[in-house]
Amino acid sequence: MDVFTKFVRHLLLLVVLLVNVPIFQAIIWSPASNVLLAGSKRHITYIDSVSAGIQNAVKECQFQFKWDKWNCPEVSVFTNTQANVRCVHSSHRVCGVMYSLTKNCSQGAFDDCGCDKRRNGNSGGEGWTWGGCSDNVRFGERMASDIMDDAESSQGAISVMTLHNNEAGRKAVKQTLQRTCKCHGVSGSCSLQTCWNHVANFRVIGDEIKRKYFQAVRVDFVRGKLIDGNSAEDRFPQAVVSASHNRRDLVFLDQSPDYCRANLTIGVTGTAGRECMVREDVTEVSSSSSLTKDSTSPSSFRWVKQSCSRLCRSCGMVIRKTQVIITSSCNCNFVWCCQVKCDTCRRTVTRRTCQPVG
Amino acid sequence: MAGVVIENLSTKKLMGIVVLLLLIQIACFLVGGLIAPSPTSAHTHLATKCIDPAISLQKAFVPHGPNACSKVSTFAEATEKNIEADWIVFSIMMPHRPNRMDRSFQYMLGVLSLDIVYKEDNEMGDEPELTILVEMMYNNDDNAQGEWKKMYSINETRKLNCEFFHQKSPEAEGYSYDCEPIPLFELGTVHHKYYLLNIRLPVWEVDPDTQEVVRELNTNLGAVQELSVVEIHQNGGFTLVWLTLKTALFPLVILAMIWFWKRIVQLARPPVLLERTILALAITISILNLPLEWLTFFHDMPYMLLLSDIRQGACYAMLFSFWIIFVGEHMMDQQERNRLRVYWRQVGSMTLGCMCLFVFDVVERGVQLTNPFYSLWNTETGRRLAMIFVVLAGICAFLYTIFLIFMVYGVFKNISMKRAALPHMVAARRLHYEGLIYRFRFFMIFTLICAVMTAIFFIFSQINEGNWKWGEDKHNIQYSSAFFTGVYGMWNVYVLAVLMLYAPSHKNKPTLQNGDTSEGSQVEFEMSTNVSSTAPSTSAALNPSGAASQAGTSEVYQLLGKVAND
C-alpha cells in the first residue's frame, strides 16, 4: 500500500471520528478539509453524507453483532485486520455510505445528483427535459463506489479484498431494493405505469450483510487475484475453485484471530465484561415466540440464548450474575413525532456478564 | 357495399399497400423504441423537515438555497430540542436542483409515502388515518429566487394501509412498516418552473370559530421517520416524439378519409351503414390524432388530460362499434340489417360501459381541475361509487365480448355453410360469396393481428417495467415507448387500411348506380331458388326491404352486374 493511500485512510478515519464530536464539526468545513477525502476535491460535497453513512453503518453493525464474540467495536473501524470481520466492516461502511448518499440525493442535497451526467450526455437542462433522470440509488452506488474504492488504490491483498467486499456491500443494498409501481393510464388504468426503486430500511440491509457474513468465503491472494482459500493443498484446479465465490459474497484473507482476548492493534476488544443471555433471560425478556426462527438473524432465539456460552464459557470465562435496577420510560403517549409523555418505571433485571477467571 | 377495393385489387397492388402500411408501422415502432426516451420518469423527493414554531400557514418553507428554512435532520433531534409535532413542515421542492420543470412534461403526479418504524412503545394503531395540510406553490423565477405563489391549500385525510412483516417484539424495533404509497395529487399541466410542497401533519383539529380543539389528529400513526413524495411526469422527449407522430399521422388519415368519402359520394346511392361507420371511425381517430397538445406549450391547459382521456375513450367506443357492425354486415344470413337499431344490444352494452368510464373520468379528472389532490378513491363512498362504475364497465365489456364472439361465430358458421354450397352455385353468386368471405377473412385476420399485437406488446412492456433489472443502460431500446408509439401507429394503420381497402371499387361502379335503390324484384326469384337449393334454412329471400348491405336481395343483382362488368 503506498504511503499516500495510507495517509488518506488515516485522514478519513480522522474525519469520521471528528464528526462524532460536535466541536470539531466546524473544523471539518475549513478549506483544509478539502484534501481529507481521498485527495479528490470533487467529493467534498458529500462529506456530510459519507460520515453520516459511516456512523449509521457502525451503529447497525453493533446492533447486528450484539450477541457475537466480536461486537463491532468502534476502534476496529479502521484497523487493518484481514480477518472475516473486516469484510463486514467494509461492506457495512459502503452500504451506509451508499444508503446515506442515496437518501441525501433524494432530499435534493446535492446539485448534481438529480441528473446522472453519464446517462444523458449533458447534465441539467437538455437531458433532464428529454428523458428525466436516473435513479437516486444508481447515483448513490456510483458515488459510494467512487469514494470508498478510491481509498483502496493499491494493488495489495487487503485492498483487493476490500474492493471486493465493497462491491458485495453495494450489491446488498441493491438486493434489498424495493420497487413500487403506480398506474396512471386512461381513467387511472394500468395501460401506463411508472415504477421506481427505493432503498430498504437500513435494518434490512444490515440483516442481508449479516447473512452474507455467515456465508463469507476465505480466500487467498495469488498474483493480484483472490482465489478460494486452502488452495495450496487443494485437490481442485484453481480455475474451478475461484468460481465458487462470486461478487455477491463477502471474502476474507486470514483465519479469524482470537476474539476472546482484547487485541486493540487488530481491533478486537475481547469479550470480558460483555453482557450475555441464557435461555431463561430470553424467555423472560420477550415471550419466546417473538424471536425469529431464522438462525442468522440477530434476534434469533437460538443465537441469543446461546450467547452466554459463546461469549463467556467458550472463552474460558465465568458468567457473573448481577441484579440491577433499571429506570426506563413506560406508558408513553406519543404523537407521530416529538411530543412524548411518559411515566418512569423501575424494574429489577438480572444481568449476566462475562468475567475472566481469577 | 359490394365490390370494395380489396376484392378487385391485383395482388401486386395489394402487396404494395400492405408494404406501405407495414413501413409506417415499423417506423412508428422504431421512433418509439430508438428515438424517444421512456414515456415517464419518477423522481423521489425526500422531504426536508423544516421548523415553523409560529405555525404560520402563509409562509413558504424552502428546503435549500439562500432562503432555506431552519431544519432538523431527524425527529430524535426534534425531540431533544423540544420541538413539537405541529411545528414540523415537510418541505419538498420539485424538481431537484439544478433542473427546472418544462411545459413538455404535460402532467405531474405525486405519490406520498411514509417511513414508519416499529417501536414497542409507539406502535401504529388500528386503521390509522393520515390527515395532512398541503400547500402547493410555484415559482417561475430563475433558480426559484423570487416569491412563491400559492396554487392550492388543501386539508386531506387519507387512510394508511400498512403491514408489519416481523414478529412484534423488542428485537423488531427499527424495522419499517410496509405501507402502501398514497396517491397525493394529479396535475393536468406542468406550466411552471418550480413547485414547492409544504406538508404538515397537524395534531389538533381546531374549530375555526371558537378556536377550541375539536379532536386529536394523526394520533395512531406510529413513529414516523421520513416522508417522501415520488413525482412522476411524462418525459419531454417522449412528448415531442408523441406529438410529432400525431402531427404526421393526422393528415394521412384525413387524406385517406377524404378519398374514401369522395368515392362514396360518387356512388348514386346513399352511403350504407358500414360506410358511415368507417367514416365515423376515421373521424374519431382524426380527432384523437389532432395534436392539440402543442397548445400546452403556450397556454396553461389543465383540462388537456381530461380531453385526451375523452378523445381516447371515444376512439375505443367507435372501434368497438365498428367491429360489431362490420361483423354484423357480413353475416350472410339474409337478414335485414343496415340500421344501427339492429345492433342496439351490442352497441348499447358497449356505449353503457364507455359511459360509465366517461362519467368516472369526468368526475375524477373534472374535480382535479380545481383540486388536484382529489380522487374518488380516497373516500369510502367515493371508492364504492368508483367500484360501481368500474364493475359496470367490466360487465358491459364482458357482454360486448360475448356478443362479438357470438357474432363472429355466426359468421364463420355461415361461411362454412356457404363454402360447402359454393361449387353448386351460379358463377355470379359464387363470386359474390367468395368476395364476402375473402373480405371478411382479411378483416378478421388483420383485426386479430392488431389486437394480439397490442396485447403482446402491452404485456411485454408491463413485464419489462415491473420486473426491473439492475445494470448499466446496456439496452437503449425503450420498450414502453415503442409499445405506445407502435400501438398508436398500428391502430392508425388499421384505420388507414380499412379506409383504403373497404372503399367502393371503381370497377363495378356503373352497375352500382342502380343497384342499391332497386327492390331487387328482377332477381328475387333467381335468388330464392338458389338459396333454397343451397341453404334451406335461409328464408330471407322474401325479405321485402331490399337492404343495401351485402346480405340483402340486391346483392345478387349487383353481383350480376359486377360479373358482367368483369
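The values are calculated or read from the model by the stated rules, or taken from the named source; none is laboratory data. Since the structure is predicted, the reported quantities are computational estimates derived from the model, not experimental observations. Here the Cβ is made from the backbone with ideal geometry for all residues, glycine too, and neighbour counts use every protein chain on show. Surface areas here come from the heavy atoms of the whole protein model, side chains and all, with no ligands, DNA or RNA. Shrake-Rupley method; radii C 1.70, N 1.55, O 1.52, S 1.80 Å.
Counting only helices (runs of 4 or more DSSP H) that sit wholly inside the stretch B:1-89, those with at least 1 residues that are open to solvent by less than 50 Å² (accessible area, probe 1.4 Å) and of a type in the set (Val, Ile, Thr) are B:5-8, B:11-30. Would you confirm whether or not the stretch B:42-58 contains a residue that is over 30 Å from A:Cys337 (Cβ atoms) and either within 14 Å of chain A (Cβ to nearest Cβ) or modelled with pLDDT under 90 (or both)? No, that holds for no residue.
Within the stretch B:351-363, if we keep just the residues that are open to solvent by less than 20 Å² (accessible area, probe 1.4 Å) and in contact with a Ser or Thr (Cβ under 8 Å, 6 or more places away or on another chain), the residue that is nearest to B:Leu385 (Cα to Cα) turns out to be B:Phe360. Checked against (1) more than 9 Å from chain A (Cβ to nearest Cβ); (2) polar (S, T, N, Q); (3) assigned to a loop (DSSP other than H, G, I, E, B), B:Asn155 passes all but condition (3). Evaluating B:Gly348 against the criteria (1) farther than 25 Å from B:Lys246 by Cα; (2) open to solvent by 60 Å² or more (accessible area, probe 1.4 Å) leaves one unmet condition, (2). For the stretch A:79-86, the count of residues that are part of a helix (DSSP H, G or I), modelled with pLDDT of 75 or more, in contact with a Phe, Trp or Tyr (Cβ under 8 Å, 6 or more places away or on another chain) and of a type in the set (A, V, I, L, M) is zero. Among the residues of the stretch B:121-147, what is the count of those that are surrounded by 14 or more Cβ atoms within 10 Å (Cβ to Cβ) and of a type outside the set (S, T, N, Q)? Within the stretch B:121-147, residues that are surrounded by 14 or more Cβ atoms within 10 Å (Cβ to Cβ) and of a type outside the set (S, T, N, Q) number 14. Against the numbered list (1) modelled with pLDDT of 75 or more; (2) within 14 Å of chain B (Cβ to nearest Cβ); (3) part of a helix (DSSP H, G or I), A:Asn165 comes up short only at (2). For the stretch A:325-358, name all the residues that are surrounded by 10 or more Cβ atoms within 10 Å (Cβ to Cβ) and modelled with pLDDT of 80 or more. Correct list: A:Ile326, A:Cys345, A:Arg347, A:Val349, A:Thr350, A:Arg351, A:Arg352, A:Thr353, A:Cys354, A:Gln355, A:Pro356. In this structure, B:Pro98 does not qualify as more than 8 Å from chain A (Cβ to nearest Cβ) and open to solvent by 40 Å² or more (accessible area, probe 1.4 Å). A search for C-beta distances below 9 Å between a residue of the stretch B:91-113 that is within 21 Å of B:Asn371 (Cα to Cα) and not assigned by TED's automatic domain parsing to the domain that holds B:Leu305 and any residue that is of a type in the set (Lys, Arg) and open to solvent by 10 Å² or more (accessible area, probe 1.4 Å), counting only pairs 6+ apart in sequence or on different chains, returns B:Ser91/B:Lys71; B:Met101/B:Lys193; B:Leu109/A:Lys182; B:Val111/A:Lys182. Scanning the stretch A:174-187 for residues that are more than 7 Å from every other protein chain (Cβ to nearest Cβ) and touching an Asp or Glu at 6+ places or on another chain (Cβ under 7 Å) gives A:Gln175, A:Thr176.
So is B:Ile199 β-branched (Val, Ile, Thr), away from chain A (no Cβ under 11 Å) and in contact (Cβ under 8 Å) with a residue 12 or more places away in the chain or not? Yes; evaluated as a whole, the condition is true for this residue. Across the stretch A:295-324, the number of residues qualifying as at pLDDT 85 or above and within 14 Å of chain B (Cβ to nearest Cβ) comes to 0. When B:Met444 is tested against (1) more than 13 Å from chain A (Cβ to nearest Cβ); (2) touching a residue at least 12 places away in the same chain (Cβ under 8 Å); (3) closer than 30 Å to B:Met137 by Cβ, only condition (3) is not met. For the stretch B:189-264, the strands (runs of 3 or more DSSP E) that sit wholly inside it and include 2 or more residues that are of a type outside the set (Asp, Glu) and modelled with pLDDT of 90 or more are B:194-200, B:223-234.
Applying the criterion of being buried (at least 16 other Cβ atoms within 10 Å of the Cβ), more than 28 Å from A:Gln62 (Cβ to Cβ) and not β-branched (Val, Ile, Thr) to the residues of the stretch B:163-183, the residue that is farthest from the other protein chains (Cβ to nearest Cβ) is B:Pro183.
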